[in-house]
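Worksheet for the structure shown next.
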Amino acid sequence: MDTGRDTLTGRLHAAVAMVSAWLVLTSPWIAMYRRMPDDAGFLNTSHVLLGFAALAVAAPYLLSCVRAGRWRLYFPWLAGQSGGALRDLAGLCRGRIPASEGGGLFAVIEGLVLLLLLVTAATGAAWFFTPGSGNALAWRDLHVVSARTFVVLAVTHVITVSLHLLEFVRD
């Protein structure tokens, strides 16, 4: 067990969770369209700054999670091993909670959350760096779609973690 990597991964996870929570919870009050407003207030400014922080944390977090062959846990279909996730999905339809290990459904959800975090941060950065252009609107649209998809999957991730905690308490 690599405790140094696990400690780093844990810290990055905490940073990702806090930054993501702030960005998602304050996003309804963000007032940007083609560019950052000249009179940007606290929420707009903090959204942009923490969005860049999310990008800076998301990349090393993803790398930390997939090192040493662990990418197969989060992205088993890339290795042609989607059977575990499909079995977990079938079991879930029968009322069984999937296991949290082994490249199953819950790990696939985690992997997708990781990718969408990175995509959301990258599209936000691209939007920021193309102010006032037609490209800015396209990046904004991609950012909004990826952010909404990220939120759905992040909530799903929280639910899956809660199910495992509930299962742990029951045992």
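The values are calculated or read from the model by the stated rules, or taken from the named source; none is laboratory data. Since this is a predicted model, take the numbers as computed values, not measurements. Glycine gets a Cβ as well: all are built from the backbone with ideal geometry, and neighbour counts include every protein chain shown.
Candidates in segment 148-160 are the residues that are in contact with a helix residue (DSSP H, G or I) (Cβ under 8 Å, 6 or more places away or on another chain) and over 10 Å from Ile109 (Cβ atoms); of these, the one that is surrounded by the fewest Cβ atoms within 10 Å (Cβ to Cβ) is Thr149. Scanning segment 102-123 for residues that are at pLDDT 95 or above and of a type outside the set (A, V, I, L, M, F, W, C) returns Thr120, Thr123. If you check Gly103, Gly95 for being out of contact with any Asp or Glu (no Cβ under 6 Å at 6 or more places or on another chain) and surrounded by 21 or more Cβ atoms within 10 Å (Cβ to Cβ), only one passes: Gly103. Take the residues in segment 1-32 that are loosely packed, with under 14 Cβ neighbours inside 10 Å and among the β-branched types (Val, Ile, Thr); name whichever of them is farthest from Phe128 (Cα to Cα). Only one residue fits best here, namely Thr3.
Does Ala40 fit the bill of being at pLDDT 90 or above and closer than 30 Å to Asn135 by Cα? For Ala40, the condition - at pLDDT 90 or above and closer than 30 Å to Asn135 by Cα - is not met.
Could you list, in sequence order, the residues of segment 76-92 that are buried (at least 19 other Cβ atoms within 10 Å of the Cβ) and either of a type in the set (Ser, Thr, Tyr) or within 22 Å of Phe168 (Cα to Cα) (or both)? Step through it out loud before you land on a result.
Applying the first criterion (buried (at least 19 other Cβ atoms within 10 Å of the Cβ)) to segment 76-92 yields 76, 84-85, 88.
Once the filter is applied, which keeps residues that are buried (at least 19 other Cβ atoms within 10 Å of the Cβ) and either of a type in the set (Ser, Thr, Tyr) or within 22 Å of Phe168 (Cα to Cα) (or both), segment 76-92 yields Gly84, Ala85, Asp88.
The set of residues in segment 68-111 that are among the charged types (D, E, K, R), under 20 Å from the mean Cα position of the chain (by Cα) and either closer than 21 Å to Leu165 by Cβ or in a helix (DSSP H, G or I) (or both) comprises Arg72, Glu101, Glu110. Checking each residue in segment 33-75 for being crowded, with 16+ Cβ neighbours inside 10 Å and among the polar types (S, T, N, Q) picks out Asn44, Ser46, Ser64. Taking residues in segment 60-79 that are more than 17 Å from Val16 (Cβ to Cβ), and partners anywhere that are hydroxyl-bearing (Ser, Thr, Tyr), the pairs with Cβ atoms closer than 6 Å and at least 6 places apart or on different chains are Pro76/Ser82. Which residues, counting only those in segment 131-171, are within 20 Å of Ser27 (Cα to Cα) and not in a helix (DSSP H, G or I)? Selection gives Pro131 alone.
Answer yes if at least one residue in segment 126-140 is aliphatic (A, V, I, L, M) and touching a Gly at 6+ places or on another chain (Cβ under 8 Å), and no otherwise. Can you show your working first?
At the first step, the residues of segment 126-140 found to be aliphatic (A, V, I, L, M) are 126, 136-138.
Within this subset, residues satisfying the condition of being touching a Gly at 6+ places or on another chain (Cβ under 8 Å) are none.
No - not one qualifying residue is present in segment 126-140.
Within segment 23-57, the set of residues being in contact (Cβ under 8 Å) with a residue 24 or more places away in the chain, outside any loop (DSSP other than H, G, I, E, B) and over 17 Å from Arg148 (Cβ atoms) comprises Ser46, Val48, Leu50, Phe52, Ala53, Leu55, Val57.
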